[in-house]
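Beneath this line is the structure, given in structure tokens, with notes to follow.
What follows is calculated from the coordinates using simple rules that are stated; it is not laboratory data. Not measured: the values here are computed from a predicted model. So basically every Cβ, Gly included, is an ideal-geometry build from the backbone, and we count neighbours across all protein chains shown.
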Amino acid sequence: MRYIEVLIVLLVLIMNLNANEFEKNCLSCHKNNKQFQMFMSKYTLKYSSERKIKQAMFDYLKEPKIDDSVMPRGFINRWGIKEKTTLENEKLIEALDVYYENYNLKRVFK
């Protein structure tokens, strides 16, 4: 039985070594792809360009404020405001790059 437990731990560690920052830090809470698509559509409507979207997300995740959220008040009342990220700037930028690449509206509607 001990062998199986060690094998499972090793597999989890190996999977984390190959995971990108987005997978390691975002997918653990946001498992629903529809959430990511919804967030991206809200940011795209408000900011439109890739650079502005990523900057707005970066700023919000570093210092979340209700007034800076793109989500409606009802969403915030139900789910609360996002907690401030603990990621270093470089890791947050990497996660946002992966997020944008996978969920930008140009890609979604291809």
Within 10 Å of each residue's Cβ, count the other Cβ atoms and sort Leu61, Leu96 from fewest upward.
-> Leu61, Leu96
Total charge dipole magnitude, the range 20-108, about the Cα centre, Cβ charges on Lys, Arg, Asp, Glu only, Debye to nearest 20 | 480 debye
For the range 20-108, calculate the relative contact order in percent as a whole number, restricting contacts to Cα pairs under 8 Å that are 6 or more residues apart.
-> 45 percent
With labels modelled as points extended 7 Å from the Cα through the Cβ direction, what inter-label distance (nm, one decimal) is found for Lys62 paired with Glu83?
-> 2.1 nm
What is the extension gain from Asn102 to Asn20, computed as 0.36 nm multiplied by their sequence separation minus the C-alpha to C-alpha distance, in nm to one decimal?
-> 28.3 nm
For Glu50 and Glu90, calculate 0.36 nm times their separation in residues minus their Cα-Cα distance, and state this gained length in nm to one decimal.
-> 12.7 nm
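Which entries in the list Lys52/Lys82; Lys24/Lys52; Lys52/Lys106; Lys24/Lys65; Lys84/Lys106 go over 22 Å, if you measure between the two C-alpha atoms of each? It would help to have the intermediate numbers written out before the result.
Details: Lys52/Lys82 20 Å; Lys24/Lys52 24 Å; Lys52/Lys106 16 Å; Lys24/Lys65 24 Å; Lys84/Lys106 29 Å.
Too far apart for the 22 Å limit: Lys24/Lys52; Lys24/Lys65; Lys84/Lys106.
On full extension of the chain, what length is gained from Leu27 through Arg2, given 0.36 nm per residue of separation minus the C-alpha to C-alpha distance?
6.1 nm
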